[in-house]
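Everything on this sheet refers to the single structure shown next.
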Amino acid sequence: NAYGLLLMRRGRFADAEGYFRAAIRKLTRSNPNPYDGEPYYNLGVCLRYMGKYQEAYDSLYKATWNAAQQENAFYAMACIRAQSGRYQTALEHSESGLVRNAHNMRARTLKCVLLRKLGNGDKAAAYALESLAINPSNLAAQYELSLLTTDTQWSQALKQRVSSNPDWAIELALEYGDAGLT
């Protein structure tokens, strides 16, 4: 698993996949539901990078068996479903991850976006405000609120803040891009 992580971080996804699968074989030799779900999660991330979304989804789903991997695995599964336009399923996965950590700002943003895309603007705005109460500097929640509000002055102020700090714009683009919401 550790060597697979090293290879994955170096962008050698096909090589990393083999090491993750070997780690899973070793872990499941005596128990089909092993104590550690990290190799399943890492394999899912690796497969996602390689564009093998259904295999990635299956591996990530198996990783949710392990409490330590639930939050991140459900978020990654939600991103995969959002990429394919299955917003309702993505919303359900996002909510499942939030049960584990209600302050996961990436998952909160994704939930807000999904609510907006599903036509629940009022719920999305309320959820964005709730996220801002937890973390007032959450740029993605501010951006979502700017899309849902008619207050143009507030929206212009946000656009000014983002344009004055390109790092924020990049961070926002990466967060949305992770779920295929470009």
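The values are calculated or read from the model by the stated rules, or taken from the named source; none is laboratory data. Only a predicted model underlies this, so the values are computations on that prediction, with no experimental measurement involved. Every residue, glycine among them, receives a Cβ derived from its backbone with ideal geometry; neighbour counts consider all protein chains shown. Please note that ligands, DNA and RNA were not included when accessible areas were found on the heavy atoms of the full protein model with its side chains. Shrake-Rupley method; radii C 1.70, N 1.55, O 1.52, S 1.80 Å.
Report yes if some residue within segment 76-87 is more than 22 Å from Leu172 (Cα to Cα), assigned to a helix (DSSP H, G or I) and among the polar types (S, T, N, Q); otherwise report no. No: zero hits. Of the set (1) surrounded by fewer than 21 Cβ atoms within 10 Å (Cβ to Cβ); (2) at pLDDT below 95; (3) hydroxyl-bearing (Ser, Thr, Tyr); (4) part of a helix (DSSP H, G or I), all apply to Tyr143 but (1).
Answer yes or no: is there a residue in segment 4-22 that is on the phi < 0 side of the Ramachandran plot, basic (Lys, Arg) and part of a helix (DSSP H, G or I).
At the first step, the residues of segment 4-22 found to be on the phi < 0 side of the Ramachandran plot are 4-10, 12-22.
Cutting the leftovers down to basic (Lys, Arg) gives us 9-10, 12, 21.
Filter once more, so that each one left must be part of a helix (DSSP H, G or I): 9, 21.
Scanning segment 4-22, I find at least one residue that is on the phi < 0 side of the Ramachandran plot, basic (Lys, Arg) and part of a helix (DSSP H, G or I), so the answer is yes.
Residue count for segment 146-182 satisfying the condition of being in a helix (DSSP H, G or I), among the aliphatic types (A, V, I, L, M) and touching a helix residue (DSSP H, G or I) at 6+ places or on another chain (Cβ under 8 Å): 6. Pairing residues of segment 32-53 that are closer than 15 Å to Leu6 by Cα with residues that are part of a loop (DSSP other than H, G, I, E, B), at Cβ distances under 7 Å and at least 6 apart in sequence or on separate chains, gives Glu38/Asn1; Pro39/Asn1; Asn42/Asn1.
Annotation note: Cβ proximity below 6 Å between a residue of segment 155-174 that is over 12 Å from Leu139 (Cβ atoms) and a residue that is of a type outside the set (D, E, K, R) (sequence gap 6+ or interchain) occurs for Ser155/Ser146.
Please determine whether any residue of segment 31-47 is over 28 Å from Glu95 (Cβ atoms), open to solvent by 20 Å² or more (accessible area, probe 1.4 Å) and over 17 Å from the mean Cα position of the chain (by Cα). So that I can check it myself, show each step before the final result.
Taking segment 31-47 first, the residues over 28 Å from Glu95 (Cβ atoms) are 31.
From the residues that got through so far, the ones that are open to solvent by 20 Å² or more (accessible area, probe 1.4 Å) too are 31.
This time we only want the ones that are over 17 Å from the mean Cα position of the chain (by Cα), so: 31.
Yes.
I'm trying to understand the selection: among the residues of segment 85-133, which are of a type in the set (S, T, N, Q) and either crowded, with 18+ Cβ neighbours inside 10 Å or touching a residue at least 60 places away in the same chain (Cβ under 8 Å) (or both)?
Quick first cut of segment 85-133, residues of a type in the set (S, T, N, Q) only: 88-89, 94, 96, 101, 104, 109, 120, 131.
Of everything in segment 85-133, those that are of a type in the set (S, T, N, Q) and either crowded, with 18+ Cβ neighbours inside 10 Å or touching a residue at least 60 places away in the same chain (Cβ under 8 Å) (or both) turn out to be Ser94, Ser96, Asn104, Thr109, Ser131.
Residue check: is Asn72 closer than 30 Å to Leu147 by Cα, crowded, with 19+ Cβ neighbours inside 10 Å and polar (S, T, N, Q)? Here the answer is yes, as Asn72 does meet what is asked.
Somewhere in segment 150-161, is a residue surrounded by fewer than 17 Cβ atoms within 10 Å (Cβ to Cβ) and closer than 23 Å to Phe74 by Cβ? The answer is no; no qualifying residue exists. Only one entry of Met8, Met50 meets the criterion of being surrounded by fewer than 16 Cβ atoms within 10 Å (Cβ to Cβ) and at pLDDT 95 or above, and that entry is Met50. Filter segment 149-181 down to the residues that are farther than 21 Å from Leu110 by Cα, under 25 Å from the mean Cα position of the chain (by Cα) and charged (D, E, K, R) and list them by number. Within segment 149-181, Arg161 is the sole residue that qualifies.
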